[in-house]
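Nothing in this text is a laboratory measurement; each read-out follows from the coordinates by a stated rule. Remember, predicted model here, so these are calculated numbers, not experimental data. Cβ atoms come from the backbone with ideal geometry, glycine included; neighbour counts cover every protein chain shown.
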């Protein structure tokens, strides 16, 4: 992930290049970011005044196929049972 400071600096560099006749796609490519990323950062800066990376804080839905706590406990009890104590995971699944 790119730090907030580095994002701000990248925007400054790209804007400066653009002001002096540089092409936006070229400036983005030189810094190793996608042009879409540049526009997203600019939009975020305009809306919130910040450039924080919000991905780590994003709410993610629980997968539909996630095991319930009871199912997980049943599996753990089974694989830790004396019957499978010396078996690899491949042998247990087979």
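In nm, give the distance between the simple-model label positions of residue 89 and residue 76, each being 7 Å from the Cα along the Cα-to-Cβ direction.
Modelled inter-label distance: 1.6 nm.
Quick one: helix 69-79 against the long Cα principal axis of the chain, what's the angle to the nearest 10°, folded into 0 to 90?
60 degrees
So how many Å³ per residue does the convex hull of the Cα atoms of region 4-55 work out to?
It comes to 73 Å³ per residue, whole-number rounded.
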